[in-house]
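J.: Structure provided below as structure tokens; questions to follow.
The values are calculated or read from the model by the stated rules, or taken from the named source; none is laboratory data. Quick caveat, the model's predicted, so the values are computed rather than measured. Note that we place each Cβ from the backbone using ideal geometry, even for glycine, and neighbour counts take in every protein chain shown. Accessible surface areas use protein heavy atoms only, side chains included; no ligands, DNA or RNA. Shrake-Rupley method; radii C 1.70, N 1.55, O 1.52, S 1.80 Å.
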Amino acid sequence: MKLGAFSISLSVKDINASKRFYENLGFMVFAGDVEKNYLIMKNEGSLIGLFQGMFENNILTFNPGWDTNANKLKDFDDVRSIQKELKGKGIKLESEADETTTGPASFVVLDPDGNAILVDQHV
């Protein structure tokens, strides 16, 4: 199962304070828009998403079809095939991708401790 690029999506109280903090750790803005309350910060292959007011808890995020530079991968597992495999293993999904579609889609699953895992395909 190829899950694609990994990042942690952090629910932050003050996006500007968080931006400054992660810049001090060597991260640079990679994508996003502070005016829209989200930034993607990058340090080499590490990605952190900062999201103010968008969701309550932190989320582990995987992007099938992307490398850590948001470049489309030639070979990847589509989000719907990943979803189908997990469902076949009896894993309960919190939200599901429409399996009749193609292209961008996502689903959410919770780990045994209640941590949200977002599998979010943009291609």
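J.: Would you check if Asn63 is surrounded by 15 or more Cβ atoms within 10 Å (Cβ to Cβ) and touching a residue at least 24 places away in the same chain (Cβ under 8 Å)?
T.: Criteria met by Asn63.
J.: Residues Gly26, Gly53: which one is among the small types (Gly, Ala, Ser) and open to solvent by 50 Å² or more (accessible area, probe 1.4 Å)?
T.: Selected residue: Gly53, the only one of Gly26, Gly53 that is among the small types (Gly, Ala, Ser) and open to solvent by 50 Å² or more (accessible area, probe 1.4 Å).
J.: If we keep just the residues of region 112-123 that are open to solvent by less than 70 Å² (accessible area, probe 1.4 Å) and touching a residue at least 40 places away in the same chain (Cβ under 8 Å), which is farthest from Phe6 (Cα to Cα)?
T.: Out of the qualifying residues, it is Val123.
J.: Is it true that Ile8 is within 25 Å of Leu110 (Cα to Cα) and either surrounded by fewer than 18 Cβ atoms within 10 Å (Cβ to Cβ) or not charged (D, E, K, R) (or both)?
T.: Considered against the rule, which asks whether it is within 25 Å of Leu110 (Cα to Cα) and either surrounded by fewer than 18 Cβ atoms within 10 Å (Cβ to Cβ) or not charged (D, E, K, R) (or both), Ile8 comes out as yes.
J.: May I pose another question? Pairs please, first residue from region 89-105 and at negative phi, second anywhere and of a type in the set (Phe, Trp, Tyr) and surrounded by 10 or more Cβ atoms within 10 Å (Cβ to Cβ), Cβ atoms under 7 Å, 6+ apart in sequence or on different chains.
T.: Leu93/Phe107; Ser95/Phe107; Glu96/Phe107; Ala97/Phe107
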